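Worksheet for the structure shown next.
The values are calculated or read from the model by the stated rules, or taken from the named source; none is laboratory data. As the structure is a prediction and not an experimental result, all values here were calculated from the model. Every residue, glycine as well, gets a Cβ built from its backbone with ideal geometry; the counts of neighbours run over all protein chains shown. Side chains included, ligands, DNA and RNA excluded: accessible areas come from the protein's heavy atoms. Shrake-Rupley method; radii C 1.70, N 1.55, O 1.52, S 1.80 Å.
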Amino acid sequence: MGSKSVKERAVFATKFGAIATTVGSAVGLGNIWRFPYEAGAHGGGAFMICYIAFVLLIGVPLLCAEFAMGRGTHSNIFGAYRTLKPRQNWHIAGYIGIVASLMILSFYSVVAGWTVEYSISSAFGTLDFSSTATGHNQFLELTSGWRPVMWTVVFLLCNFAILIGGVTKGIERASNILMPLLFLLLAAFCVNSFTMPGFNEGITFLFNPDFSKITPSVLLGALGQAFFSLSLGLGCMMTYASYFNNRNRLGRTAVTTAFLDSMVAVLAGVIIFPAVFTFGISPEAGPTLVFEVLPYIFSRLAGGGVWSTLFFLLLFLASLTSTVSMSEISITYFCEEKGWSRAKATVVSSAIALVGGVLCALSFGPLGDFTVGGLTLFSLFDYVSSNICLPAGGLICSIFVGWFVDRRFLKSEFTDNGLFRFRMLKLLVFCLRWVCPIAIFLIFLNSVGAI
Ligand code: PFF
């Protein structure tokens, strides 16, 4: 049934639109919120170097693989595996993708809810930008109790409203404007970072790797971050590529997406860490780090409240372009595999995310003491989806495309049936056959202490 709706599938209207939408999915809280806190918790430079290596060696080849599968079969993850190898069970990867996407959607909506809280508080002047206010206490005040639940629900309702309208229209238009605007704003804040007393310390922390700090948990964290940030391993990029038209040069789109996505993460690091050292905040603060640090940064700018409102608003919108893409995974599954109407699929997916989101939001208040393996529900969902499910999905995809997909299929996808050249096919297949599976497998083994 996966390929039944091939002909009905829309395509992105323009090449720029397709790239902007893909980048829109990739760029979000993963770069601006998750990257700095993961890097801070895992030794800065050591994490950064592993992350960049994984983006290049695993992220780009897997993006290519997902793009080729999605565009070549015009299908969601289930249909893609099934079309390429009927009567085999590779599409099980799709179930991992659905579970991961709903878990991510749950905790992601909580953080996106914080962006709503922060933009509204900035606009109404209730966010204190004086450097004497402690970012931590302020964060606790704003996000304790039931407030984050309310904002999580508000965010999920916005997500729902967009989804019910379809993929290409609103999202394509929004991404075309939003992504460049977010880049500009980040670049401006980056320049401001140069003027901070803690600039050198922050930059050294982020870019000067201490190789002795590369531990199994740093490797697993960086791998999970690369997958999370590139929206890989769960079929999201596959689904988006199924909307690409034939003229899209998949190799270039993959490299452009990975480059822009990593740039945003690096920019976020360059914005956050000088401020962390300037204001004496611990880089290991965890998921709250960025929200604690940013108000201090805005306090140094003329018109801090305006900058802050604009920034959190853009971050909220960037989160929406990402949550819409992750919601598509379960929605297209229900529609194309189960034959449900889009409205029913959207309501059911959103309802599951709502329950997950509320539970995760309560992790910062009433459910704070409820832990599994020392992790609150929020952190558990984050850890399991990013560090286990996504790399596992990527492992299956790399083995599948590297070893089992006909080379002629790949060639025709990457050259548009011989219309243009693609010189990297051999290298790509080598990475998918050997580098990706071995690296992911070793990191998994390593992190359970087996080697
Ligand atoms: N890549 C997004 C980010 O960095 O914020 C998060 C994400 C989107 C993960 C879509 C997974 C996904 F399917």
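Data for the structure
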quantity: Among (1) away from the ligand (no atom under 16 Å from the Cβ); (2) closer than 18 Å to V264 by Cβ; (3) open to solvent by less than 10 Å² (accessible area, probe 1.4 Å); (4) among the hydrophobic types (A, V, I, L, M, F, W, C), the one test that A112 misses; calculated: (1)
quantity: Residue match in region 115-138 (condition: buried (at least 24 other Cβ atoms within 10 Å of the Cβ), at pLDDT 95 or above and closer than 30 Å to T332 by Cβ); calculated: yes
quantity: Residue identified as over 16 Å from the mean Cα position of the chain (by Cα), open to solvent by less than 40 Å² (accessible area, probe 1.4 Å) and in contact (Cβ under 8 Å) with a residue 24 or more places away in the chain among F211, F244; calculated: F244
quantity: H42 being open to solvent by 10 Å² or more (accessible area, probe 1.4 Å), closer than 30 Å to V306 by Cα and not hydroxyl-bearing (S, T, Y); calculated: no
quantity: Residue match in region 70-93 (condition: in contact with a Cys (Cβ under 8 Å, 6 or more places away or on another chain), touching a residue at least 12 places away in the same chain (Cβ under 8 Å) and within 15 Å of the ligand (Cβ to nearest atom)); calculated: yes
quantity: Answer residue from region 358-406, given it is modelled with pLDDT of 95 or more and of a type in the set (D, E, K, R) and is least open to solvent (accessible area, probe 1.4 Å) among those; calculated: D382
quantity: Only listed residue being modelled with pLDDT of 90 or more, within 16 Å of the ligand (Cβ to nearest atom) and either touching a His at 6+ places or on another chain (Cβ under 6 Å) or assigned to a helix (DSSP H, G or I) (or both), chosen from F277, F291; calculated: F291
quantity: Flag for T346 being open to solvent by less than 70 Å² (accessible area, probe 1.4 Å) and touching a residue at least 24 places away in the same chain (Cβ under 8 Å); calculated: yes
quantity: 1 or more residues within 20 Å of E336 (Cβ to Cβ): qualifying helices (runs of 4 or more DSSP H) within region 31-93; calculated: 60-73, 77-84
quantity: Qualifying positions in region 331-345 - part of a helix (DSSP H, G or I) and hydroxyl-bearing (S, T, Y); calculated: T332, Y333
quantity: Residues within region 97-114 that are of a type in the set (V, I, T) and either under 19 Å from V348 (Cβ atoms) or at pLDDT below 95 (or both), tallied; calculated: 3
quantity: In region 158-172, residue surrounded by the most Cβ atoms within 10 Å (Cβ to Cβ) [restricted to those that are under 20 Å from the mean Cα position of the chain (by Cα) and at pLDDT 75 or above]; calculated: N159
quantity: Qualifying position, being without any contact (Cβ under 8 Å) to a residue 24 or more places away in the chain and open to solvent by 50 Å² or more (accessible area, probe 1.4 Å), among L419, L354; calculated: L419
quantity: Among (1) of a type in the set (S, T, N, Q); (2) more than 15 Å from the ligand (Cβ to nearest atom); (3) closer than 25 Å to Y333 by Cα, the one test that T195 misses; calculated: (3)
